[in-house]
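Accompanying notes for the structure given below.
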Number of protein chains: 2
Amino acid sequence: MATGRSHRPATRSRGIPEATVARLPLYLRALTALSERSVPTVSSEELAAAAGVNSAKLRKDFSYLGSYGTRGVGYDVEYLVYQISRELGLTQDWPVVIVGIGNLGAALANYGGFASRGFRVAALLDADTALAGRLVAGLPVRHIDELESIVADNQVSIGVIATPAGAAQEVTDRLVAAGVTSILNFAPTVLSVPDGVDVRKVDLSIELQILAFHEQRKAGEDDRQEPDGDVPAVMPA
Amino acid sequence: MATGRSHRPATRSRGIPEATVARLPLYLRALTALSERSVPTVSSEELAAAAGVNSAKLRKDFSYLGSYGTRGVGYDVEYLVYQISRELGLTQDWPVVIVGIGNLGAALANYGGFASRGFRVAALLDADTALAGRLVAGLPVRHIDELESIVADNQVSIGVIATPAGAAQEVTDRLVAAGVTSILNFAPTVLSVPDGVDVRKVDLSIELQILAFHEQRKAGEDDRQEPDGDVPAVMPA
DNA sequence: ATGTCTTTGTGAACGCGTGCACAAAGATGG
DNA sequence: CCATCTTTGTGCACGCGTTCACAAAGACAT
Ligand SMILES: NC(=O)c1ccc[n+]([C@@H]2O[C@H](COP(=O)([O-])OP(=O)(O)OC[C@H]3O[C@@H](n4cnc5c(N)ncnc54)[C@H](O)[C@@H]3O)[C@@H](O)[C@H]2O)c1
Ligand SMILES: NC(=O)c1ccc[n+]([C@@H]2O[C@H](COP(=O)([O-])OP(=O)(O)OC[C@H]3O[C@@H](n4cnc5c(N)ncnc54)[C@H](O)[C@@H]3O)[C@@H](O)[C@H]2O)c1
């Protein structure tokens, strides 16, 4: 920034593009790997390759955080790890509850990548009374009725939903009412939440269908023989 | 649209925006639910609400598929289900292999949403010989060395990776060499693949970090007290 | 100190995606 | 057959994200 460069960017943290935010964890992962190998500095070109993005995009992304690079040298790995961690809010602990401890919920509870980045599993919740008390990943499964008190006592602001789709909205409503303002949803449903609550979804089925679309296209490129006549008799009114 | 409308859109399937493709599964899910309730037609407004998108966006999305609606009435549910299914390539069967049958892999194998949409689990693969032969979701776990023959024999074109990050690239290379051209990656690593191979990733850790970013911002809105002085002595060279 | 060489930070152009707003299509009722 | 009313399909404008390309910053050697 040539014109009027201030020492403290202060309120620049506002206005980081969403697309950039989504890439910061990617950079952070690559930087952490470099850090573990004691690499002191890295160029935008190298880091971009490691993160699988365009180097100009990476530099622009970092420019939103401030001028943390040194021309002719690159970026200081440790410093950048710290800056990105701080920007993402990973320098503090985030208590998380997982609701629905079935196949997926149990796998999530066992996932090591949780704790590694400031996320702490505060509790595992399930409606099934037969599960109550059973240990999963070293934590006892608690009954869903304890949701409200657990969220309040642990100041949980992030909830993970791994219940069947039919229960997801109800669980969401309870989480939100209890004070949770961020939800990661694994159930294949659209959740409605009030303003101020963020929802992100992970949907295996959707990802596969997108892959299938492109796969079909690839197959169609070569042998262009449409199976025609397959069209059902139903036509739009 | 009005000018020269042909009966068979034929090669219009080319040129569907990626953003639209990503939403088609969402529409399909909502439509399937309507179909099960025997709802004959639905307006763009209603369907958009069910899918959680803007109605104009939905209409534009459908316009890429063709003119399947009736003005004044809406869309024929059954017909639209068929058209979207066909567009996504779900009218055919997609054999899929899952590699890495640990916590997550087992959960994926047990996932019902797999088979429900034309995806068939052709095999479960793992490097752990102790797992070989054990039944998971009714299927025996096969040893990773069978990968090549299984992919070839079943004409598998989609692979799901649920191994530790360290093994993901190696597994990818073997899958690609064997003929797989679409990969869904659950391991937290950037995969490199040759042109013509699609990779989509699902990364819990990234999703949580994005939520944490917004969560931190929300918290900062009210009590704006930056913990300053927290900055480490490390400065960029 | 000066020159060279590397690499950042960003201006600018472009393309994609989104959403408004409305004309036209077509159903429905008289 | 005509009028009215609903809802689609899309032209258009706008904003965001991506990428190129390059001036300038700064390291490093002499
Ligand atoms: N398993 C997967 O790989 C996978 C993949 C993608 C999506 N999903 C989705 O994730 C969700 C969970 O999948 P799963 O395979 O673990 O299912 P599951 O049936 O094994 O587990 C669901 C758990 O949720 C609990 N539950 C039900 N209603 C509840 C409620 N109201 N409150 C709290 N807990 C409740 C059940 O007791 C059960 O333990 C489903 O919506 C599924 O579609 C799963
Ligand atoms: N568990 C989760 O909820 C979760 C969430 C997000 C991401 N992930 C990621 O998914 C992956 C799997 O997680 P997990 O919890 O199931 O781990 P896990 O250790 O339980 O399972 C990994 C499995 O992969 C097998 N494996 C190792 N090397 C292999 C190879 N070269 N070829 C074939 N199989 C091999 C192992 O034998 C093991 O069975 C990890 O990369 C993890 O980071 C897991």
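The values are calculated or read from the model by the stated rules, or taken from the named source; none is laboratory data. Computed from a prediction, not measured in an experiment: that's the story for all the values here. In this analysis, Cβ positions are derived from the backbone assuming ideal geometry, glycine residues included, and neighbour counts consider all displayed protein chains. SASA here: full protein model, heavy atoms, side chains in, ligands and nucleic acids out. Shrake-Rupley method; radii C 1.70, N 1.55, O 1.52, S 1.80 Å.
Overview of values
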{"quantity": "Residues of the stretch A:130-145 with amide N under 19 Å of a point placed 7 Å along Cα→Cβ from A:Glu170", "calculated": "A:130-132, A:142-145"}
{"quantity": "Solvent accessible area, Å² - A:Leu135, 1.4 Å probe, full protein context", "calculated": "120"}
{"quantity": "Cα-Cα pairs of the stretch B:144-228 separated by more than 21 Å (percent)", "calculated": "45"}
{"quantity": "Heavy atoms of A:Val42: accessible area, 1.4 Å probe, square angstrom to 10", "calculated": "10"}
{"quantity": "The stretch A:83-152: mean projected area of Cα convex hull, nm²", "calculated": "5.0"}
{"quantity": "For the protein assembly as shown, convex hull volume per residue from C-alpha positions, Å³", "calculated": "198"}
{"quantity": "Per residue accessible area of the stretch A:1-147, 1.4 Å probe, in Å²", "calculated": "50"}
{"quantity": "Other copies of B:Ala127: label-to-label distances in nm, shortest first, labels 7 Å along the beta-carbon direction", "calculated": "4.0"}
{"quantity": "Other copies of A:Asn54: label-to-label distances in nm, shortest first, labels 7 Å along the beta-carbon direction", "calculated": "2.4"}
{"quantity": "Per the axis that maps chain A onto chain B, nearest residue of A (Cβ criterion) and its distance in Å", "calculated": "A:Ala107, 2"}
{"quantity": "Delta accessible area of at least 40 Å² on complex formation, residues of the stretch B:97-129, 1.4 Å probe, chain isolated as reference", "calculated": "B:Asn103, B:Ala107, B:Tyr111, B:Phe119"}
{"quantity": "Span-like helix ranges in chain A, DSSP H, alpha carbon extent 24 angstrom or more, Kyte mean at least 0.0", "calculated": "A:18-36"}
{"quantity": "B:Ala19 paired with A:Ala219, simple spin-label distance in nm, labels 7 Å along Cα-to-beta-carbon", "calculated": "3.0"}
{"quantity": "Sites A:Glu46 and A:Leu139 - FRET efficiency at Förster radius 41 Å, r taken between beta-carbons, to 0.05", "calculated": "0.55"}
{"quantity": "Dipole magnitude of the protein assembly as shown about its Cα centre (Cβ charges: Lys, Arg +1; Asp, Glu -1), debye to nearest 20", "calculated": "1160"}
{"quantity": "Size of the B/A contact, given as accessible area buried on both chains, probe 1.4 Å, in Å²", "calculated": "7000"}
{"quantity": "Label spacing, shortest first and in nm, from A:Lys218 to its equivalents in the remaining copies (7 angstrom along Cα→Cβ)", "calculated": "3.9"}
{"quantity": "Calculated Rg and Dmax of the stretch B:43-121 using C-alpha coordinates, Å", "calculated": "16.7, 52"}
{"quantity": "Rg/Rh (Cα only; Kirkwood hydrodynamic radius) as it applies to the stretch A:61-204", "calculated": "1.07"}
{"quantity": "√(5λ) per eigenvalue of the Cα gyration tensor, the stretch A:133-191, largest first, Å", "calculated": "18, 15, 10"}
{"quantity": "Mean residue ellipticity (222 nm) of chain A, computed from DSSP H runs ≥ 4 via -39,500 (n - 2.57), nearest 500", "calculated": "-13000 deg cm²/dmol"}
{"quantity": "Extension gain from A:Val39 to A:Ser192, taking 0.36 nm per residue of separation minus the Cα-Cα distance", "calculated": "50.6 nm"}
{"quantity": "Dipole in debye (nearest 20) - chain A, about Cα centre, beta carbon charges: Lys, Arg +1; Asp, Glu -1", "calculated": "1280"}
{"quantity": "Projected-area mean, the stretch B:18-87, by convex hull of Cα positions, square nanometres", "calculated": "4.0"}
{"quantity": "Translational diffusion of the stretch A:54-97, µm² s⁻¹ [Kirkwood Rh, Cα pairs; Stokes-Einstein; 10 °C; 1.306 mPa s]", "calculated": "135"}
